[in-house]
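Any read-out appearing in this document is the output of simple, stated calculations on the displayed coordinates, not a laboratory observation. Computed from a predicted structure; not experimentally measured. Here the Cβ positions follow ideal geometry from the backbone for every residue, glycine too, while neighbour counts run over all protein chains shown.
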Amino acid sequence: MYVGIDIGGSKMLIGLANADGKLLKTLKLPTPLDGHSAEHILEYRIKELLGDKKLKAIGIAAPGPIDFANGVILSPPNMPWHNLPITNQLHTRFKVPVVLENDADAAGLAEALEGAGKGSRYLLYVTISTGIGTGLVAGGQIVHGASDPEGGHIVIDPKGPQCGCGGQGHFEAIVSGRAIERRFGRPAYQIKDTATWDIIARDMAVGLSGLIAITAPDKVVLGGGVSVHYNRFKKPLAKYLEHYGSRLYPMPPVVPAKRVERAALDGALILARRAK
Ligand code: BGC
């Protein structure tokens, strides 16, 4: 059996899959404010999900920044957790390989292999949720640099608000689900008027056109809670991407994710099945 864990700002998902990748059980839990209690809850719940089945590996998708060498969740901008050695903790408990990956990278991997990015050779995945995260997947592999690329933290307005990471005017501080709610006084799902979506789509296009110019993807998949409203911003987004985007190469297709809710969990499970 393989266990996948998707750690989000408000909820954690645990999934149990067999060797063929078939998801057998899932569990949704509120994310505790204290990271160490999260570790204990996860241990307990994984044990419960497994019953007497044999565990082979665990994959975890979590918001960055992450210390990849040591498998530590450092201090995500939208969560009060600090320096959580989750990989060691779960490894000590279950004695199996434990892989920790950035949530957007994991979700991008799942979308590239099984979702809206299927067939893409160089996929840029952008999750627009509580925060904004990015993942690059080339030839079925996640591409890291010295750390993992954090496209939510590029500057799109030098005079813009402060980001949760401490920087100013970041993509995440202007277009994430949390930023949208702060700017317009209501969450994205309650925004129905075209004028507001036009502004959101404009700012989204500024961030996306920069990311596209740098990463040269053949496809862009948008995930996260805000992307669920794709039909509300699809038209203005296309208009602004054409306006702001580089004219040097054709704009790649920008499409919504196939499994918004499940992508990071599926990615964590793929990584668990690949773990050695
Ligand atoms: C983090 C990213 C993460 C994104 C979505 C951002 O605040 O920096 O690592 O992918 O939120 O959870």
Quiz item: What tally of residues in segment 11-46 results from selecting those that are within 16 Å of the ligand (Cβ to nearest atom) and touching a Pro at 6+ places or on another chain (Cβ under 7 Å)?
Solution: 2
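Under the condition of being away from the ligand (no atom under 12 Å from the Cβ), on the phi < 0 side of the Ramachandran plot and in a loop (DSSP other than H, G, I, E, B), which residue from segment 70-80 is nearest to the chain's Cα centre (by Cα)?
Filtering first and then ranking leaves PRO80.
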Self-check item: Residue that is surrounded by the most Cβ atoms within 10 Å (Cβ to Cβ), among those in segment 56-69 that are part of a loop (DSSP other than H, G, I, E, B) and in contact with a Leu (Cβ under 9 Å, 6 or more places away or on another chain)
Solution: GLY64
Quiz item: Counting residues that are surrounded by fewer than 21 Cβ atoms within 10 Å (Cβ to Cβ) and without any contact (Cβ under 8 Å) to a residue 24 or more places away in the chain, which strands (runs of 3 or more DSSP E) fully inside segment 83-191 reach at least 1?
Solution: 132-138
Quiz item: Which residues, counting only those in segment 192-215, are part of a helix (DSSP H, G or I) and among the charged types (D, E, K, R)?
Solution: ASP198, ARG202, ASP203
Exercise. Just need a number here: residues in segment 136-148 that are more than 8 Å from the ligand (Cβ to nearest atom) and closer than 17 Å to ILE73 by Cα.
Key: 3
Quiz item: Of (1) away from the ligand (no atom under 16 Å from the Cβ); (2) surrounded by fewer than 14 Cβ atoms within 10 Å (Cβ to Cβ); (3) without any contact (Cβ under 8 Å) to a residue 24 or more places away in the chain, THR196 satisfies all except one. Which?
Solution: (2)
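Can you tell me which residue in segment 227-276 is surrounded by the most Cβ atoms within 10 Å (Cβ to Cβ), limited to those that are polar (S, T, N, Q) and in a helix (DSSP H, G or I)? Spell out how you get there, then give the answer.
Taking segment 227-276 and keeping what is polar (S, T, N, Q), we get 227, 231, 246.
Pick out the ones that are also in a helix (DSSP H, G or I) and you get 227, 231.
Numbers: SER227: 21, ASN231: 9.
Of everything passing the filter in segment 227-276, SER227 is surrounded by the most Cβ atoms within 10 Å (Cβ to Cβ).
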